[in-house]
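Participant: Before I ask anything, here is the structure I am working with.
A short reminder: the numbers here are calculations on the coordinates, not readings from a lab. A quick note: this is a predicted structure, and the numbers were derived from the prediction, not measured.
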Amino acid sequence: MLKTQSSVKFLGAIQNNNSSFPLKLNAKNIHMNKKEFLNLIEDIVELDRNSLSGEEKLAELEGWDSLSVVAFIAATDKHLGSPPPPASIVAAETVADLVRTVEDRLSND
């Protein structure tokens, strides 16, 4: 296989994890506020928009199940650059607890 200068640089960046290429979105470049994050959770559990306040218990949300957890991990990875630690998701008892798992990456607007 013929390797170009760019492909060699790209492959080296992947191996060294110091890429100048945007291999993965950086959370600093992604903007989502708390309301948008709640809307994301509503989409995952198939609730109407603006129906969650944050104090709801996850165990009482009809749509919150193991598939929702996987969807939550994928959505936070996509929209915030990386998912929260799995242990913090497992420990979450309320929607507000889920918000706290990503609070440092949410914008204030």
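Participant: Given H placed 1.01 Å from N in the peptide plane, which residues other than close sequence neighbours of Leu52 have an amide H under 5 Å from its amide H?
Facilitator: The list, which skips near neighbours in sequence, is empty: none.
Participant: For a quick check: with amide H placed at 1.01 Å from N, whose amide H comes under 5 Å from Thr94's, ignoring anything fewer than 5 positions away on the same chain?
Facilitator: Correct list: Leu58.
Participant: Kindly write out, for the range 82-89 in residue order, the coupling ³J(HN,Hα) from the Karplus curve 6.51 cos²θ - 1.76 cosθ + 1.60 (θ = phi - 60°), rounded to whole Hz, with x marking Gly and Pro.
Facilitator: For the range 82-89, the Karplus curve yields 6, x, x, x, x, 4, 6, 5 Hz.
Participant: Can you list the aspartates and glutamates whose alpha carbon is less than 15 Å from that of Lys35, not counting same-chain residues fewer than 8 positions off?
Facilitator: List returned: Asp43, Asp48, Glu55, Glu56, Asp97, Glu103, Asp104, Asp109.
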